[in-house]
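Below you'll find the structure, written out as structure tokens, and then a few comments.
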Amino acid sequence: MYAQMVDTGVRQVRGAAEMTAEERSFQARIDADVKVEPKDWMPEAYRRTLIRQIQQHAHSEIVGMLPEGNWVTRAPSLKRKAILMAKIQDEGGHGLYLYSAAETLGVSRDDLIAELHAGKARYSSIFNYPTLNWADIGAIGWLVDGAAIMNQIPLCRCSYGPYARAMIRICKEESFHQRQGYDIMMAMARGTAEQKAMAQDALDRWWWPSLMMFGPPDADSVHSAQSTQWKIKLLSNDELRQRFVDQTVPQAEYLGLAVPDPDLKWNAERGHYDFGAIAWEEFYEVLKGNGPCNRERMKTRVKAWEDGAWVREVAMAHARKRAARATAAATAA
Amino acid sequence: MTTEWPLWEIFIRSQHGLAHKHAGSLHAPDAEMAIKNARDVYTRRNEGVSIWAVRSADISASSPGERDALFEPANSKVYRHPTFFPMPDEVKNI
């Protein structure tokens, strides 16, 4: 999940009796699956929560380009390099769709980026892990994009129109990402013993961080309850995580790779896999900024933004000058 | 000095013969760059054969409050649909 632990700013979820007339009619429309559009009235907390959630999602797409960019110049073939560049370009595009969706809520793009750079806005914990070998590119596509799809498919039905429409577009493209990742894993798992060992190493390192992407268990979270009532969260973190495990374990078996969890076993009674405890201390440390790559990721983003500032200014000055010249020519004629 | 590029709405014609359809928005300094950026953001998979870029600030939109006044009058005019007029089975080609 690219948006983790989104704060709704509420202390408790209110029932219809405690809502104002406007809030009641808003909730009634959400309950009836009517989409909320930018100019419609919406509670301030709904608007703010969506800005937080969508921008966290957008920042994740953009920061997510960095770990993969690390391997563009070292891709093992021209074909793999072209595919990787296309995938990274998609991630940039996804970030742009999502920033646009957030902007319909009355925030500016520059403000969102400034919040990320100031450490006030988060991005997914997963992108703070390093890509150490080529198989990591396979593992990211297969596991990280797989987990993202799991989260994003339900969001295509979320209550906010521009967000739902961005999600539909993203989901259409995301499936390519997951398959190209699995394709890399297949090639390596069927390769030399050394290549297979690299694939296993990548799975060992990415498995648990991928499960953490869905966020901590949210059964008791007031924010999750509020987001569910607003239909901007459609399934619980644990439900999504279970679906991901159930879908991914057979895929690992096909590759002949071992999922690094001694407690993992099929539970026929539940019809699901049971899996071991997740090290949530690690997750919270990464969120706090203490993951293996947090500082490096932010430093790279800020540098790219600052290095590009003169280009943005020049392009705008050029456009203004041409517009002024056109106006002057029209007046003279 | 920080200057945010203006916002543009992008419309894409997906195949010859179909109307342009709203695809999304993006930031660009001018119309030429808006179209170039739209090519990269919205047509990476052959989605289009033609792009329109319109400054978001130039779009006028109806407001949600006017919804009933604008669209409700059409509700009572069901006779505008051909299915309002049942035709006997014996009558063909109509």
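Quick notes on this structure:
- When segment B:47-94 is limited to residues that are in contact with a helix residue (DSSP H, G or I) (Cβ under 7 Å, 6 or more places away or on another chain) and exposed (fewer than 10 other Cβ atoms within 10 Å of the Cβ), the one that is nearest to B:A28 (Cα to Cα) turns out to be B:V78.
- Taken as a whole, the structure leaves B:D58 outside the set of residues that are among the charged types (D, E, K, R) and within 9 Å of chain A (Cβ to nearest Cβ).
- Across segment A:56-96, the number of residues qualifying as more than 14 Å from A:A148 (Cβ to Cβ) and hydroxyl-bearing (S, T, Y) comes to 2.
- Residues of segment B:61-80 satisfying the condition of being more than 12 Å from chain A (Cβ to nearest Cβ) and either assigned to a helix (DSSP H, G or I) or among the small types (G, A, S) (or both): B:D68, B:A69, B:L70, B:F71, B:E72, B:P73, B:A74, B:N75, B:S76, B:V78, B:Y79, B:R80
- Selection of segment A:292-333 for residues being touching a Pro at 6+ places or on another chain (Cβ under 9 Å) and part of a loop (DSSP other than H, G, I, E, B) yields A:P292, A:C293.
- Taken together, A:A58, A:A45 contain a single residue that is among the aliphatic types (A, V, I, L, M), surrounded by 13 or more Cβ atoms within 10 Å (Cβ to Cβ) and touching a Phe, Trp or Tyr at 6+ places or on another chain (Cβ under 6 Å), which is A:A58.
- Consider segment B:12-46 and keep the residues that are within 17 Å of A:E173 (Cα to Cα) and within 7 Å of another protein chain (Cβ to nearest Cβ). The one that is surrounded by the fewest Cβ atoms within 10 Å (Cβ to Cβ) is B:R44.
- Counting only helices (runs of 4 or more DSSP H) that fall entirely inside segment A:101-185 and contain at least 3 residues that are under 25 Å from A:G289 (Cα atoms) and open to solvent by 20 Å² or more (accessible area, probe 1.4 Å), the qualifying elements are A:109-117.
A quick yes/no check of all residues on (1) more than 18 Å from A:K233 (Cα to Cα); (2) in contact with a His (Cβ under 6 Å, 6 or more places away or on another chain); (3) small (G, A, S); (4) within 14 Å of chain B (Cβ to nearest Cβ):
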| residue | (1), (2), (3), (4) |
| --- | --- |
| A:A147 | no, no, yes, no |
| A:Q152 | no, no, no, no |
| A:A164 | no, no, yes, yes |
| A:I170 | no, yes, no, yes |
| A:A187 | yes, no, yes, no |
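The values are calculated or read from the model by the stated rules, or taken from the named source; none is laboratory data. Just so we're clear, the structure is a prediction, and the values are computed from it rather than from any experiment. Cβ atoms come from the backbone with ideal geometry, glycine included; neighbour counts cover every protein chain shown. Accessible surface is based on the protein model in full, side chains and every heavy atom, while ligands, DNA and RNA are left aside. Shrake-Rupley method; radii C 1.70, N 1.55, O 1.52, S 1.80 Å.
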